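Colleague: The structure under discussion is supplied below as structure tokens; questions concerning it will follow.
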Amino acid sequence: MDLVRVAAALLLCFGVAGVVSEASDHRYKQGDPVPLYANKVGPFHNPSETYRFFDLPFCIPDHVTEKKEALGEVLNGDRLVGAPYKLDFRVDYDSELLCKKKLTKGDVAKFRDAVTKDYYFQMYYDDLPIWGFIGKVDKEGKDMSNDKYYLYRHIHFDILYNNDRVIEITVHTDPDSVADLTEDKDIEAEFLYSVKWKETTMPFEKRMEKYSQSSSLPHHLEIHWFSIINSCVTVLLLTGFLATILMRVLKNDFVKYADDEESAEDQEETGWKYIHGDVFRFPKNKSLLAASLGSGTQLFALTVFIFVLALVGVFYPYNRGALFTALVVIYALTSGIAGFTATSFFFQLEGTNWAPCRTTKFPREIPPLPWFRRTIPQMAMAGFLPFSAIYIELYYIFASVWGHRIYIIYGILFVVFIILLIVTAFVTVALTYFQLAAEDHEWWWRSFLCGGSTGLFVYGYCLYYYFTRSDMSGFMQTSFFFGYMACICYGFFLMLGTVGFRAALFFVRHIYRSIKCE
């Protein structure tokens, strides 16, 4: 299948979904209304815990208009509604009254609870994201009973324009214009806003660059490149080990077995050749193995297509919902890959003409193995090296998915992904050889489990990130984080398990084709 054509088709389907405003060309005349949508509110430290903007008792317009959202926006949790502020193109406002509102005791309690949890709001103005906190807490010593809670009443919008287009918008609140929420009592509050327009020479095409600057600063790039160098060193050491040790051992094995065949025929075979009659015996639960390989192959194809779209620039900063739309659409389109792979592999296991060596009628008994050659220790060794090649990059991915950072360096991420695949394949092949050399012929599931064990290390990193690198808290956020990451790591396990198994299968077929066996 042509990846470029598929990428182009998907780009047309959802590449621009969720970013087209009511003024589709983003061009305005002076005085024209520019779309402003309020999206959501939520605690700053729990990014996944979000609520509708008007769940808090803000100034509500007479007619609340909801924006028709794309699939990706819905999956992303966006709740776009028309904001009550009037930000017409190149029209300044100074302390414009938004509304006068009487806040009841219940309203005050809602706002105070939100201010306590560092609630922020998110809006989109001409598809440019803006954020701001809704209030502040003044600490009065260590005694929390003396703290003062305030709600911001005055919002300032500073907007840059170039000719007939909006280039940039920033928002800040007036710290002196606040409503006191400390006491449980009804209060009268006036909500105000100001708008200031300024001209800029920045072109429209570069207006999204500022949202990616935090991810492309020099010291961040240095850390990313350090991650790449670390991963490359790991790959070089591993490939060097395989080239100098494993291949030399294999060469010696081939020479030894060739000499044995020319010598006495009754000489006892040892090592991996000894189990040639069992190494291709069908594994236990072969239908489950076939299904796992099918799902892993589908997820691998999904990842490749996502990288193609990312590298051609579809997932630029704040292209709302594009990634989620891509995941859903491509996952559905690649479902046939899972079915075909699982079915064809299962048929192979039921066939009789595909194994390089004929299997014996009864399996040989596996000799006792030391503890470090058992499944769990082998999985630990197999998962550590690939994880060490990616763990530096994991922090930036987690900070983007579960925080407020923006990840845009997809080229570096793609290089790390390739390195991960190479390391996983090489480690699985090495461990498979040592397993066969120990005359343990049950390599099928072992190679899959060893290849996918990196997913378990990634889930272990989730624990580290949650408790040491993030400020997330609460039952809902905790359960969502670990449940969501369990699904992702399981998919990671299936994908890398498939890579490891395919590499081991290729290796095993190659070495047993290279010897003469009855």
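The values are calculated or read from the model by the stated rules, or taken from the named source; none is laboratory data. Note that this is a predicted model, so its numbers are computed, not measured. Backbone-built Cβ (ideal geometry, glycine too); neighbour counts: all protein chains shown. In case anyone asks, the SASA skips ligands and DNA or RNA and just uses the protein heavy atoms, side chains included. Shrake-Rupley method; radii C 1.70, N 1.55, O 1.52, S 1.80 Å.
Colleague: Looking at Thr424, is it hydroxyl-bearing (Ser, Thr, Tyr), over 22 Å from the mean Cα position of the chain (by Cα) and closer than 27 Å to Val233 by Cβ?
Modeller: The answer is no for Thr424.
Colleague: Another question about this same structure. Which one is farthest from Gly135 (Cα to Cα), of the residues in region 49-64 that are open to solvent by less than 50 Å² (accessible area, probe 1.4 Å) and either touching a Pro at 6+ places or on another chain (Cβ under 8 Å) or in a loop (DSSP other than H, G, I, E, B) (or both)?
Modeller: To start, the set of residues in region 49-64 that are open to solvent by less than 50 Å² (accessible area, probe 1.4 Å) comprises 49-50, 53-54, 56-59, 61.
Right, trim to either touching a Pro at 6+ places or on another chain (Cβ under 8 Å) or in a loop (DSSP other than H, G, I, E, B) (or both) and you get 49-50, 56-59, 61.
On the way: Glu49: 18, Thr50: 17, Leu56: 13, Pro57: 14, Phe58: 13, Cys59: 15, Pro61: 21 Å.
Selected residue: Pro61.
Colleague: Spot the failing condition for His26; the list is (1) more than 30 Å from Asp107 (Cα to Cα); (2) at pLDDT 85 or above, and only one is missed.
Modeller: Against the list (1) more than 30 Å from Asp107 (Cα to Cα); (2) at pLDDT 85 or above, His26 comes up short only on (2).
One line per residue, one yes/no per condition, for (1) among the polar types (S, T, N, Q); (2) without any contact (Cβ under 8 Å) to a residue 12 or more places away in the chain; (3) outside the structural domain of Pro33 (by the TED database); (4) not in a strand (DSSP E or B):
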residue: Leu151; (1), (2), (3), (4): no, no, no, no
residue: Phe157; (1), (2), (3), (4): no, no, no, no
residue: Leu160; (1), (2), (3), (4): no, no, no, no
residue: Ile167; (1), (2), (3), (4): no, no, no, no
residue: Thr170; (1), (2), (3), (4): yes, no, no, no
residue: Pro175; (1), (2), (3), (4): no, no, no, yes
residue: Thr182; (1), (2), (3), (4): yes, no, no, yes
residue: Phe191; (1), (2), (3), (4): no, no, no, no
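Colleague: Also, quick follow-up: Identify the residue in region 465-514 that is among the β-branched types (Val, Ile, Thr) and open to solvent by 20 Å² or more (accessible area, probe 1.4 Å) and, among all such residues, is nearest to Lys286 (Cα to Cα).
Modeller: Looking only at region 465-514, we keep the residues that are among the β-branched types (Val, Ile, Thr), and these are 468, 478, 488, 498-499, 508, 511.
Checking the rest, the ones that are also open to solvent by 20 Å² or more (accessible area, probe 1.4 Å) come to 468, 478, 488, 499.
Working: Thr468: 41, Thr478: 36, Ile488: 24, Val499: 17 Å.
That would be Val499.
Colleague: Within region 288-330, how many residues turn out to be free of Cβ contacts under 8 Å to residues at least 60 places away in the same chain and more than 15 Å from the chain's Cα centre (by Cα)?
Modeller: 7
Colleague: Scan region 66-117 for residues that are at pLDDT below 85 and either surrounded by fewer than 17 Cβ atoms within 10 Å (Cβ to Cβ) or assigned to a strand (DSSP E or B) (or both) and jot them down.
Modeller: Matches in region 66-117: Lys68, Leu71, Val74, Leu75, Gly77.
Colleague: From the list Gly460, Gly451, Gly455, which one is assigned to a helix (DSSP H, G or I) and open to solvent by 30 Å² or more (accessible area, probe 1.4 Å)?
Modeller: Gly460
Colleague: Answer with yes or no whether Thr297 is in a helix (DSSP H, G or I), more than 22 Å from Arg405 (Cα to Cα) and either open to solvent by less than 50 Å² (accessible area, probe 1.4 Å) or in the same structural domain as Pro129 (by the TED database) (or both).
Modeller: Yes: the conditions hold for Thr297.
Colleague: Still on this structure, please answer the following. Out of all the residues in region 135-155, is one or more closer than 27 Å to Lys67 by Cβ, open to solvent by 20 Å² or more (accessible area, probe 1.4 Å) and of a type in the set (A, V, I, L, M, F, W, C)?
Modeller: No, the conditions are met nowhere in region 135-155.
Colleague: How about region 370-395: which of its residues are β-branched (Val, Ile, Thr) and crowded, with 16+ Cβ neighbours inside 10 Å?
Modeller: Matches in region 370-395: Ile390, Ile392.
Colleague: Mind checking which residues of region 56-73 are over 24 Å from Arg153 (Cβ atoms) and without any contact (Cβ under 8 Å) to a residue 12 or more places away in the chain?
Modeller: Selection gives Lys68 alone.
Colleague: So which residues in region 408-446 are among the aromatic types (Phe, Trp, Tyr), open to solvent by less than 30 Å² (accessible area, probe 1.4 Å) and farther than 30 Å from Asp278 by Cβ?
Modeller: Phe417
Colleague: Residue by residue through region 432-470, note down the ones that are of a type in the set (Ser, Thr, Tyr), closer than 20 Å to Arg502 by Cβ and within 16 Å of the chain's Cα centre (by Cα).
Modeller: Listed by number, the list holds a single entry, Thr454.
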